[in-house]
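What follows is a short report on a single structure.
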Amino acid sequence: MRYVDEFRNRRLIDKVAQEIRCAVDPDRVYNIMEVCGTHTMSIFRFGLRDILPKSIKLISGPGCPVCVTPNEFIDKAIAIANMKGVIIATFGDMLKVPGSRSSLEKEKAKGCDIRIVYSSLDALQIARKNPNKRIVFLGIGFETTAPTVAQSILIAKKERLNNYSVLSGHKTMPEVMEALVHDKLIKVDAFLLPGHVSAIIGMHPYEFLSKSYKKSCVISGFEPIDILQSILMIIKQVKPKVEIQYGRIIEKSGNPLAKKSINKVFERCLSVWRGIGRVRKSGLKIRRSYKEFDADYRHCEPAKGGRSNLVDSKDNIRCFCGYILKGLKTPYDCPSFAKACTPENPIGACMVSSEGTCAANYKYGKDTTHSR
Amino acid sequence: MEKILLTHGSGGTLMHKLIDSLFMRELDNPILREKKDSAIVKIGKKSLAFTTDSYVVNPILFPGGDIGSLAVYGTVNDLAVCGAKPLFISLGMIIEEGLDRDLLERIVRSVSLAAKRSGVKVVTGDTKVVERGSCDKVFINTSGIGEICYPGLSVDKIKAGDSVLVSGTIGDHAISVLSKREGISFSSKVKSDSAPLNGLIARALKVSDKVKFMRDPTRGGVATTLNEMVTAGKFGIAIDEDRLPVANGVKAGCELLGFDPLYLACEGRVIIVVQKLHEDKVLRSMRSDPLGRKARVIGRVVKEFPGKVYLETVSGGRRIVGMLSGEQLPRIC
C-alpha cells in the first residue's frame, strides 16, 4: 500500500537503525519520552525496542486521550446516559473506561442508549435522525480531534440542531508537557512529539521546551521509519531545539483554519488529567456563546434539573496509571497489571484504550506473557 | 448484578472464560471437553462429525456474500477442518416481522446455491417469526453432520519444526462486512472470502498423510486461532509478518479503522499445520484450487516460547501475538 509500505521497508529500517547505533554516545543514556499513544503502539507493534541500542530508553507519556480522561468525566457521562431521552454518541474506546462505579459498556448492557461513532459528524447524523432525542457526544481528544468537534457544533448551530450537544473533555498538549517538565521526579532528556497534534498547532507552541528547559524535541510521524529517523535526529542534536521529522504532513505554523475553528467554539480552562492532576489552561471548554451545545451546561447544572445525580468521583487506589502516564513507572511495576487488570476487565484507563501503555504492553510485550 | 456484555461474544478471552465457567461447568462431558470445531461422535463403527453455528451478521448482505451462504459455508468448514466430508445440514431461521419477502427469497436462494456448491443437503429446517425489534432482520442457525474420512487430525500431533500454512489472504471477510456497516461504511473493493473449503481440504489431505491439524480462523482471526493451538503449552508458533498475505484493501481498511489484520475474521480460509517435509506438496495442492491460489507458509512451530505465538515483524523486531481481548467488533458472522 502506497504511503505506508515505504515507511515499513526493512532495508531502510536496518539502515536507520545502523546509523543510530553509530551515532549514540556509548557513555550516555538517552531517556526519550514518546508522548503519543499512537507512537507507543507503533513501537510495540513493530518491535522497535528490539532493534535500538540499549542506551536508548523509550518512556511512554501521557498522550492517549482516553487514558488521561479522569473518572469524573466518565461518571458525568454515565449520569447523562441515564437521563430520559438521551443518546450518548462516543468513540468506541471510551466504552470500557472504568468510572468510579461503572462503565459506559455496563450501562449500555443495562439499557442506556449508547452508540459508537467514528466522528462527531456521525453523531450529528444521529441527531438529525432522532429529533425527539437529545444526543450527547463525548468530546475527548487533543488538538487533533477538537477541530472536527468544533465544526460539528458550528454545523449544529447553522442547522438549528438543538438536540445536539457535546460533553467536552478536550485537552491540549503543550500545557501538560510544561507540567511534566516541571515535575522534578520525571527524568526525560528528549521528547518524541505527536505528529498529528502538530498538524493542527504546528511547532511553535513547543519551543519553550528547548528554550527554557533544554529538551531536544522532534515532531514525529507514526511509521517505523518515522520513529527511528526522529530518534536519530534527537541523538544528533547538539543544541536542544524543536525539529520536524513529519514534514510530509506538518506546516511549521500548523493549520490556521483548524486553529480558528477551535478558538471560535472553545476557550481554555483548567483541566483534570488522570494521574497527573489539575493542569492550568490545559483543557478546552465550550464558550458561553455556544452554551446551548454544551452538555455540561444543559445536563449537568444542578439548578436546572433539581438535585444533580452525579456521584462523587473516586480514583482507584490499586491503579498505577498516574505514575505510568508520567513515565515514572512501567506497567510491570503495577501490582494489578495483567493480573487483576486486563483489557477485558480494566482497572485503569491505560489498559482500556487501544493506545494505552498498559494495553500495548499487555498485547505486544514479551514480559507480560509469563504472568498471564 | 453481572450482565452479559457484547465482548462476551467476541471470540476472545472473555468468551472463553464464559464457556469454561458456565457452559463447560453445567454441560461437561468428554466429547464437549475436546472443544473442537465439530464434535466427533461414534455411532456403531462409524465416526461422525457434528457441529452447530448461529449467524447474526450485520449487514445481512455484504460484498462477496450474504447471511445465507455464510450460514452454509461456516458450518461446512467447521466439519471439513475436522477431517470430515460434510453431508447434511439443518437450517433454522429467525425472522423479524416486516422483513421484505424479496430479501428472504434472496437469502434462501443463496442458501440453496451454497449447499449445492458445497455438496451438502439441507435436510431439516425451522422457521420462526418474532416481533419487530426482537431480532435484527434475520438470524440463522445451521447444524451439520459429516462423515469422518481422515481421522487423527489433532493438535497433540503438532511438533516443533512443523510448518504453518494459510490458504489465502486474511481479514477480507471482516473488512467487507465493516465497509458496509451503518455508521462505519467506507468505500472499499474488498470482497468477503466466505467460501466452502471442503474441496481444498480433502485434496490437501489426499496428497499428504502428514497434515497434523487444521482450523478455520473465524472470529478472533489468525491470531486467536494460533493461540488456541498453543494453549497446551508444549510448543510455540513463530509467524513472519513479511509472509502474511494481506490484500491491499484490507491493509487500507485496517489503517483507517485501527485494526490488526491478524485479529480479523476470515470465512473461507484454513490454517494447516503440516510436517515440514510435506510443506511443498500440500502447498502445491492448495494452490491448484481456486480458493487456495494465494496459499502461503506463514510460520513454523518452535520449541522456544512454549504456549506463545510470536511475530517476527517487518522491521526485524519480535512481538508476542496474544489472543483477541476486549475488541469491539460485534456481529461479524
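Values in this text are rule-based calculations from the coordinates and carry no lab data. The shown structure was predicted, so the numbers you read here are calculated from the model rather than taken from an experiment. No Cβ is skipped: glycine too gets one built from the backbone with ideal geometry, and neighbour counts run over all protein chains shown.
Counting only GluC sites (Glu not before Pro) that sit in a DSSP loop (anything but H, G, I, E, B) with at most 14 other Cβ atoms within 10 Å, what is the longest stretch of chain B containing none of them?
Details: sites that count: B:E2, B:E34, B:E97, B:E131, B:E182, B:E304.
My reading of the result: B:183-303 is the longest stretch.
Sum -39500 (n - 2.57) across every DSSP H segment of at least 4 residues in chain B, then divide by the residue count to get the 222 nm mean residue ellipticity, nearest 500. Please list the in-between numbers first.
Working: 10 runs with 93 residues, N = 333.
One gets -8000 deg cm²/dmol as the mean residue ellipticity at 222 nm.
Ranked highest first by the average count of other Cβ atoms within 10 Å around their residues, in what order do A:85-97, B:162-174 fall?
Working: A:85-97: 22.1, B:162-174: 26.7.
The most tightly packed comes first, giving B:162-174, A:85-97.
Tell me, what is the Rg over Rh of the range B:36-148, with Rh the Kirkwood radius over Cα pairs? Before the final figure, lay out each step's value.
Working: Rg = 14.6 Å, Rh = 14.4 Å.
A ratio of 1.01.
Mind putting together the pair-distance distribution for chain A? All Cα pairs, 20 Å bins, whole percent per bin, short to long.
Once binned at 20 Å, the Cα pair distances of chain A give 29, 57, 14, 0.
Within the range B:81-134, which trypsin sites (Lys or Arg not before Pro) sit in a loop by DSSP and count at most 10 neighbouring Cβ atoms inside 10 Å? Walk me through the numbers before you get to the answer.
Numbers: sites: B:R101, B:R106, B:R109, B:K116, B:R117, B:K121, B:K128, B:R132; in loops: B:R132.
Those that pass, being in a loop and sparsely packed, are B:R132.
Note down the relative contact order for the range A:29-162 as a percent, whole number, built from C-alpha pairs under 8 angstrom at least six residues apart.
Values: 166 pairs, mean separation 28.5, N = 134.
Here the relative contact order equals 21 percent.
Largest first, please: the extent of the C-alpha atoms of the range A:180-304 along each principal axis, to the nearest Å.
58, 36, 26
Could you work out the helix-only [θ] at 222 nm for chain A, with each DSSP H run of four or more residues adding -39,500 (n - 2.57) and the total divided by the number of residues, to the nearest 500 deg cm²/dmol? Spell out each step's value before the answer.
Values: 16 runs with 136 residues, N = 372.
Helix contribution divided over all residues of chain A: -10000 deg cm²/dmol.
Test of understanding: in a Gaussian network model of chain B with alpha carbons linked when under 10 Å, which of B:G292, B:G98, B:G144 would top the mean-square fluctuation ranking?
Residue with maximal mean-square fluctuation among B:G292, B:G98, B:G144: B:G98.
Under the rule that an exposed site lies in a DSSP loop and has at most 15 other Cβ atoms within 10 Å, name the longest stretch of chain A with no GluC sites (Glu not before Pro) of that kind, not counting the sites themselves. Present the calculation step by step, with values, prior to reporting the outcome.
Values: sites that count: A:E159, A:E251.
Here the longest run is A:1-158.
Semi-axes of the equivalent ellipsoid of the range B:204-296: what are they in whole Å, largest first, if each equals the square root of 5 times a C-alpha gyration tensor eigenvalue? Walk me through the numbers before you get to the answer.
On the way: eigenvalues 112, 62, 25 Å².
They are 24, 18, 11 Å, listed from largest to smallest.
Evaluate the relative contact order of chain A (contact order divided by residue number), counting alpha-carbon pairs under 8 angstrom at least 6 apart; express in whole percent. Kindly include the intermediate steps, with their values, before the conclusion.
Values: 703 pairs, mean separation 82.0, N = 372.
Relative contact order here is 22 percent.
Beyond 22 Å, how much of the Cα-Cα pair distribution for the range B:155-320 remains, as a whole percent?
On the way: 5604 of 13695 pairs.
Of all Cα-Cα distances in the range B:155-320, 41 percent exceed 22 Å.
What is the extension gain from B:E34 to B:S288, computed as 0.36 nm multiplied by their sequence separation minus the C-alpha to C-alpha distance, in nm to one decimal?
Fully extending the segment from B:E34 to B:S288 adds 88.2 nm.
Please label the shape of chain B as rounded, prolate or oblate, based on the square roots a ≥ b ≥ c of the eigenvalues of the alpha-carbon gyration tensor (a/c under 1.5 means rounded; beyond that, a/b larger than b/c means prolate, else oblate).
Judged from the Cα gyration tensor, chain B comes out rounded (a/c under 1.5).
Select from the range A:1-90 those chymotrypsin sites (Phe, Trp or Tyr not before Pro) which occupy a DSSP coil region and have at most 12 other Cβ atoms within 10 Å, ordered by residue number. Walk me through the intermediate numbers first.
Working: sites: A:Y3, A:F7, A:Y30, A:F44, A:F46, A:F73; in loops: A:Y3, A:F46.
Answer by residue number: A:Y3.
Rounded, prolate or oblate, given the Cα gyration tensor of the range A:321-371, with a/c below 1.5 counting as rounded? Working shown, then result.
Details: a/c = 1.33, a/b = 1.16, b/c = 1.15.
Rounded.
If I take every Cα pair under 8 Å that is 6 or more residues apart in chain B, average their sequence separation and divide by the length, what percent do I get for the relative contact order?
This gives 24 percent for chain B.
So which trypsin sites (Lys or Arg not before Pro) in the range B:242-333 are both in a DSSP loop and have at most 13 other Cβ atoms within 10 Å of their Cβ?
Values: sites: B:R243, B:K251, B:R269, B:K276, B:K281, B:R284, B:R287, B:R293, B:K294, B:R296, B:R300, B:K303, B:K308, B:R318, B:R319, B:R331; in loops: B:R269, B:R293, B:K294, B:K303, B:K308, B:R331.
Within the range B:242-333, the qualifying trypsin sites (Lys or Arg not before Pro) (loop, at most 13 other Cβ atoms within 10 Å) are B:R293, B:K303.
Quick one: which of A:K57/A:K214; B:K251/B:K281; A:K214/A:K363; A:K236/A:K329; B:K137/B:K294; A:K184/A:K241 span more than 23 angstrom between C-alpha atoms?
Details: A:K57/A:K214 18 Å; B:K251/B:K281 30 Å; A:K214/A:K363 35 Å; A:K236/A:K329 27 Å; B:K137/B:K294 35 Å; A:K184/A:K241 21 Å.
Checking Cα-Cα distances, B:K251/B:K281; A:K214/A:K363; A:K236/A:K329; B:K137/B:K294 exceed 23 Å.
Give me the net charge of B:P290's neighbourhood, meaning all other residues with Cβ under 13 Å from the Cβ of B:P290; Lys, Arg count +1, Asp, Glu -1. Mind showing how you got there, number by number?
Numbers: positive: B:R117, B:R203, B:R287, B:R293, B:K294; negative: B:D193, B:D289.
Taking every other residue near B:P290 into account, the sum is +3.
Net charge near A:W273: determine it from the other residues with C-beta under 11 Å of the C-beta of A:W273, scoring Lys and Arg +1 and Asp and Glu -1. Mind dumping the intermediate values first?
On the way: positive: A:K171, A:R274, A:R278, A:K326; negative: A:E175.
For residues surrounding A:W273, the net value is +3.
Can you give me the distance in nm between label points at B:L27 and B:H8, each placed 7 Å from the Cα along the Cα-to-Cβ direction?
1.4
To test your reading of the geometry: what angle, between 0 and 90 degrees and rounded to tens, separates the Cα axis of helix A:10-23 from the longest principal axis of chain A?
Compared with the principal axis, the helix lies near 70 degrees.
Going by the alpha-carbon gyration tensor, a ≥ b ≥ c the square roots of its eigenvalues, is the protein assembly as shown rounded (a/c under 1.5) or, if a/c is not under 1.5, prolate (a/b greater than b/c) versus oblate?
Judged from the Cα gyration tensor, the protein assembly as shown comes out oblate (a/c at least 1.5, b/c at or above a/b).
Which angle between 0 and 90 degrees, to the nearest 10, do you get for helix A:256-265 versus the longest principal axis of chain A when only C-alpha atoms count?
Compared with the principal axis, the helix lies near 40 degrees.
Grab the alpha carbons of the range A:8-113, take their convex hull, and tell me the volume per residue in Å³. Can you show the working numbers first?
Working: hull volume 13.0 nm³, N = 106.
With only Cα atoms used, the range A:8-113 gives 122 Å³ per residue.
Hey, got the average number of other protein chain Cβ atoms within 10 angstrom for residues in A:3-9? Don't skip to the end; give the middle numbers.
Values: counts 1, 5, 3, 0, 0, 5, 2.
Going residue by residue through A:3-9 and averaging, the value is 2.
How many percent of DSSP beta bridges within the protein assembly as shown run antiparallel, rounded to 5? Don't skip to the answer; put the middle values down first.
Values: 51 of 95 bridges.
Expressed as a percentage, antiparallel bridges in the protein assembly as shown total about 55.
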